[in-house]
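Presented below is the structure to which this report refers.
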Amino acid sequence: MMSLYWHRCGEGKTDLVLLHGWGLNAEVWSGITERLRPHFRLHLVDLPGYGRSQGYSAMTLEEMAGVLLPHLPEDAIIAGWSLGGLVATRLVQTARQKVRGLITLASSPCFSEREQWPGIKPTVLEGFRQQLSQHFEKTVERFMALQTLGTGTARQDARQLRDVILSQPLPQADVLNGGLSILQSADLRGDLSALKVPVLRIYGALDALVPVAIVPEVDQYTGHGQSLIIPKAGHAPFISHPDLFCQQVLDFSSDL
């Protein structure tokens, strides 16, 4: 039986939908929810097949967005981290209801390295896919370590991510493989100019998965919006720099 986890909390008047990244669940936002809930109605979502959203098999990006779309509140800000940034972008592109704004966090419209486009080498993503079937938990742990690589709080942040994974039911291997397939194949660069909502893009200067070299390229493809690079942050700036991240979200919201 398919069951989508979509939890609402907060005292604010603006709806803020938070979408997590590969392998994780909505508990990854636990370190910032108390800061944000006085200002927003938070929508904490486990993507289909992840955490408490059980009963789903591997999905394409379009299928994943299609599952979330009926639950999307009117006039919401949609924020997505990493893989969640791709889902959030696709939601904005396909939503019939009004969307107030889009926030992508340590995300790329094209995660995989292409000609004249920096990204994750396809062999690395393919290696993760192959290793999942052989060493499931070790592969997930290795991917989490990549997300905090180089930061001053890397060990602490990696432990927090690991605790988040273990706090809820683990995704099935086929769901994780499906997520890696999205990261490997999705290319939304050509769609960015069609985005008609305000956009905030937040990056970590030390991100090992989304190199900051893409920032001017994404700005050019989109043609509007704000880009912020957080110094000394890796792939999870909302964990290593929670106060700065929350302030940026609040500033962005107040300008809408």
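The values are calculated or read from the model by the stated rules, or taken from the named source; none is laboratory data. The structure presented is a predicted model; accordingly, all values stated were derived computationally and were not measured. Glycine also receives a Cβ, built like all others from the backbone with ideal geometry; neighbour counts cover every protein chain displayed. Heavy atoms of the whole protein, side chains included, go into the accessibility calculation; ligands, DNA and RNA do not. Shrake-Rupley method; radii C 1.70, N 1.55, O 1.52, S 1.80 Å.
Only one of (1) under 18 Å from the mean Cα position of the chain (by Cα); (2) within 18 Å of Met64 (Cβ to Cβ) fails for Ser227. Which number is that?
Going through (1) under 18 Å from the mean Cα position of the chain (by Cα); (2) within 18 Å of Met64 (Cβ to Cβ) one by one, Ser227 breaks only (2).
Kindly establish whether Ala208 is of a type in the set (A, V, I, L, M), over 22 Å from Leu132 (Cα atoms) and modelled with pLDDT under 95.
no
Across the range 162-191, what is the total count of residues that are crowded, with 16+ Cβ neighbours inside 10 Å and of a type in the set (Asp, Glu)?
Matching residues across the range 162-191 total 0.
Can you say whether Leu24 is in a loop (DSSP other than H, G, I, E, B) and either under 25 Å from Phe252 (Cα atoms) or in contact (Cβ under 8 Å) with a residue 60 or more places away in the chain (or both), as far as the supplied structure shows?
Numbers: in a loop (DSSP other than H, G, I, E, B): yes; either under 25 Å from Phe252 (Cα atoms) or in contact (Cβ under 8 Å) with a residue 60 or more places away in the chain (or both): yes.
Taking the combined requirement at face value, the residue satisfies it.
From the list Ile202, Ile239, Ile214, which residue is modelled with pLDDT under 95, crowded, with 17+ Cβ neighbours inside 10 Å and touching a Phe, Trp or Tyr at 6+ places or on another chain (Cβ under 9 Å)?
So the residue among Ile202, Ile239, Ile214 that is modelled with pLDDT under 95, crowded, with 17+ Cβ neighbours inside 10 Å and touching a Phe, Trp or Tyr at 6+ places or on another chain (Cβ under 9 Å) is Ile239.
If I filter the range 82-101 for residues that are in a helix (DSSP H, G or I), open to solvent by 10 Å² or more (accessible area, probe 1.4 Å) and under 15 Å from Asp15 (Cα atoms), do I get at least one hit?
Yes, there is a match, as at least one residue in the range 82-101 is in a helix (DSSP H, G or I), open to solvent by 10 Å² or more (accessible area, probe 1.4 Å) and under 15 Å from Asp15 (Cα atoms).
All but one of (1) in contact with a strand residue (DSSP E or B) (Cβ under 6 Å, 6 or more places away or on another chain); (2) surrounded by fewer than 18 Cβ atoms within 10 Å (Cβ to Cβ) hold for Gly223; which doesn't?
(1)
Which one of the conditions (1) within 26 Å of Ala158 (Cα to Cα); (2) crowded, with 18+ Cβ neighbours inside 10 Å; (3) in contact with a helix residue (DSSP H, G or I) (Cβ under 8 Å, 6 or more places away or on another chain) does Trp6 fail to meet, given that it meets all the rest?
Result: Trp6 fails condition (2) only.
How many of the residues in the range 25-46 are closer than 23 Å to Arg162 by Cα and either acidic (Asp, Glu) or in contact with a Pro (Cβ under 9 Å, 6 or more places away or on another chain) (or both)?
Residues meeting the conditions: 8.
Can you find even one residue in the range 102-111 that is touching a helix residue (DSSP H, G or I) at 6+ places or on another chain (Cβ under 7 Å), of a type in the set (A, V, I, L, M), in a loop (DSSP other than H, G, I, E, B) and open to solvent by 10 Å² or more (accessible area, probe 1.4 Å)? Walk me through it before giving the result.
Pass one, the range 102-111, residues touching a helix residue (DSSP H, G or I) at 6+ places or on another chain (Cβ under 7 Å): 102-111.
Of the ones still in play, those that are also of a type in the set (A, V, I, L, M) are 102-103, 105-106.
If we keep only those that are in a loop (DSSP other than H, G, I, E, B) too, we end up with 106.
Those still in the list that are open to solvent by 10 Å² or more (accessible area, probe 1.4 Å) too: none.
No - not one qualifying residue is present in the range 102-111.
For Gly101, indicate whether it is in contact with a His (Cβ under 6 Å, 6 or more places away or on another chain) and modelled with pLDDT of 95 or more.
no
How about the range 30-69: which of its residues are open to solvent by less than 10 Å² (accessible area, probe 1.4 Å) and in a loop (DSSP other than H, G, I, E, B)?
Residues satisfying the conditions are Asp46, Leu47, Pro48, Gly49, Tyr50, Gly51, Ser53.
With respect to the numbered conditions (1) open to solvent by 10 Å² or more (accessible area, probe 1.4 Å); (2) out of contact with any helix residue (DSSP H, G or I) (no Cβ under 8 Å at 6 or more places or on another chain); (3) under 22 Å from Phe245 (Cα atoms), which one is the sole condition not fulfilled by Ala26?
(1) is the only condition that Ala26 fails.
Pairs, please: C-beta under 6 Å, at least 6 apart or cross-chain, first residue closer than 18 Å to Glu74 by Cβ and in the range 6-21, second among the hydroxyl-bearing types (Ser, Thr, Tyr)?
Partner pairs satisfying both residue conditions: Thr14/Ser253.
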